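Enquirer: I'd like to ask you about the structure that follows.
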There are 2 protein chains.
Amino acid sequence: MSLADSERLEARRQQVLDAAAECFHKSGFHGASMAQIAKTAGMSPGHIYNLFQNKEDVISMIVEREQVELLAKVDAMRRADDVVQAMIDQVACGVESQLSGSDAALHMEILAEAGRNPKLAAVVRDADGQGREKLESLLGAALAQKNLRREPEEVRARVEVLMALFDGLMVRSLRNPSVDREAVAPVVARLVAALIDGDVAEKG
Amino acid sequence: MSLADSERLEARRQQVLDAAAECFHKSGFHGASMAQIAKTAGMSPGHIYNLFQNKEDVISMIVEREQVELLAKVDAMRRADDVVQAMIDQVACGVESQLSGSDAALHMEILAEAGRNPKLAAVVRDADGQGREKLESLLGAALAQKNLRREPEEVRARVEVLMALFDGLMVRSLRNPSVDREAVAPVVARLVAALIDGDVAEKG
């Protein structure tokens with residue numbers, strides 16, 4: 001396959017993922033059919049099966065695509081001269097993205113389906129494990145720059161809470177769509193700073 | 001209706017809600033039928049319609065039942081002599097309950113469906129609004145006991161983040177079922193303390 005062919009193929013796959021995200025959100029995982037996804041992506045029902053085996057395959061790729069985006073962001077923060085500042089700087093953008101709610105219902109759909117579908121559950125947990133590992137390494141680097149040393153278990157627990165905070169903001173966008181994003185962002189930034197800086201952690 | 005009749009009716013309704021939670025978790029909101037819920041609750045398909053109009057009605061009552069439990073917990077903390085301590089004391093239990101994951105997939109199902117179903121979305125948002133109001137009043141009382149005064153907007157933002165934290169822990173139970181609950185609880189307790197106490201908030 002030539003490079004151009006391979007790029008065209010990849011573009012078509014991305015097109016299907018976008019269409020699928022829209023269909024899953026609108027009709028639910030079980031309500032959405034491969035035919036409906038193909039139609040939304042503007043391709044024939046037969047053609048979609050050249051790109052993806054089935055709906056599980058599509059949803060798994062949606063999970064993996066997002067994971068790649070997250071990992072790239074973490075890598076960028078990891079490379080910053082001041083890792084702590086890079087993390088704090090990223091908060092406002094992360095809060096905005098989580099509270100925008102654009103993908104929140106889709107994520108709920110994926111997590112609900114993962115509760116019933118062991119194959120999808122494995123994909124979700126594997127992606128999460130990769131994200132956790134990267135974030136633990138990032139937080140470790142941030143602590144080292146502050147000359148703080150923490151047990152790996154403590155670093156792991158803080159990363160869990162960090163991830164809970166951002167997963168939770170996504171849930172908030174559904175429970176309270178009128179949430180005041182500008183007021184919430186600085187509160188989250190202070191908690192992230194508190195999670196990095198040992199002072200608060202030692203306080204309780 | 002006599003008191004005994006009314007209690008019996010209420011017990012039957014609770015029985016249906018438990019059965020429905022099980023069915024929604026197993027088959028999804030759309031996959032579960034009223035007949036299946038009735039069967040799981042050990043009653044005839046006809047009888048269930050004496051208690052609930054339809055599935056939306058059932059799921060709305062599940063949301064409201066949980067809300068009642070949350071409001072009762074908040075009221076208990078509000079009545080404590082030391083509101084701040086009561087909140088901190090509640091954290092371990094709250095973390096344990098959110099991370100146990102027993103209802104997490106059901107909540108994801110409800111939130112995914114709320115993304116498609118405006119009537120259910122209204123129920124979810126209304127319940128959330130009640131919880132928010134109670135928690136804002138609780139946090140206000142906690143701040144007052146510490147002689148801290150905060151603008152209502154700041155109190156609202158902190159409650160949002162508090163709710164995000166606990167909603168997020170529920171999501172974590174699905175993404176990482178092996179999360180170390182005992183290591184996470186003290187980190188959450190310190191963040192909750194930080195959310196109440198102005199020190200950390202002022203720091204960033």
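Enquirer: Yes or no: region A:51-61 includes at least one residue that is at pLDDT below 95, under 30 Å from A:Val184 (Cβ atoms) and in a helix (DSSP H, G or I).
Expert: Yes, because at least one residue in region A:51-61 is at pLDDT below 95, under 30 Å from A:Val184 (Cβ atoms) and in a helix (DSSP H, G or I).
Enquirer: Here is a follow-up. If we keep just the residues of region A:24-50 that are in contact with a Phe, Trp or Tyr (Cβ under 9 Å, 6 or more places away or on another chain) and in a helix (DSSP H, G or I), which is surrounded by the fewest Cβ atoms within 10 Å (Cβ to Cβ)?
Expert: A:Gly31
Enquirer: While we're here: With the condition kept exactly as written, say whether any residue in region A:52-61 is within 14 Å of chain B (Cβ to nearest Cβ), more than 25 Å from B:Lys26 (Cβ to Cβ) and touching a residue at least 60 places away in the same chain (Cβ under 8 Å).
Expert: The answer is no, given that none of the residues of region A:52-61 is within 14 Å of chain B (Cβ to nearest Cβ), more than 25 Å from B:Lys26 (Cβ to Cβ) and touching a residue at least 60 places away in the same chain (Cβ under 8 Å).
Enquirer: What single numbered condition from (1) within 24 Å of the chain's Cα centre (by Cα); (2) modelled with pLDDT of 90 or more fails to hold for A:Lys26?
Expert: Tallying (1) within 24 Å of the chain's Cα centre (by Cα); (2) modelled with pLDDT of 90 or more, A:Lys26 fails exactly one: (2).
Enquirer: I need the full set of residues from region A:78-96 which are under 22 Å from A:Val184 (Cα atoms) and among the aliphatic types (A, V, I, L, M), in order please.
Expert: Once the filter is applied, which keeps residues that are under 22 Å from A:Val184 (Cα atoms) and among the aliphatic types (A, V, I, L, M), region A:78-96 yields A:Val84, A:Ala86, A:Met87, A:Ile88, A:Val91, A:Ala92, A:Val95.
Enquirer: Another question, if that's okay. Can you work out which of the residues in region B:124-138 that are within 11 Å of chain A (Cβ to nearest Cβ) and touching a helix residue (DSSP H, G or I) at 6+ places or on another chain (Cβ under 8 Å) is farthest from B:Glu151 (Cα to Cα)?
Expert: B:Val124
Enquirer: Whether any residue in region A:92-108 is crowded, with 17+ Cβ neighbours inside 10 Å, in contact (Cβ under 8 Å) with a residue 40 or more places away in the chain and more than 14 Å from the chain's Cα centre (by Cα) is what I want to check.
Expert: Taking every residue of region A:92-108 in turn, none turns out to be crowded, with 17+ Cβ neighbours inside 10 Å, in contact (Cβ under 8 Å) with a residue 40 or more places away in the chain and more than 14 Å from the chain's Cα centre (by Cα).
Enquirer: Are any residues in region B:149-178 under 19 Å from the mean Cα position of the chain (by Cα), more than 7 Å from chain A (Cβ to nearest Cβ) and more than 15 Å from B:Leu195 (Cβ to Cβ), and if so, which ones?
Expert: If the condition is that a residue be under 19 Å from the mean Cα position of the chain (by Cα), more than 7 Å from chain A (Cβ to nearest Cβ) and more than 15 Å from B:Leu195 (Cβ to Cβ), then B:Met170, B:Ser173 are the ones that fit.
The values are calculated or read from the model by the stated rules, or taken from the named source; none is laboratory data. Since the model is a prediction, treat every value here as computed from it, not as a measurement. Please note: Cβ atoms are built from the backbone with ideal geometry, for glycine as well, and neighbour counts cover all protein chains shown.
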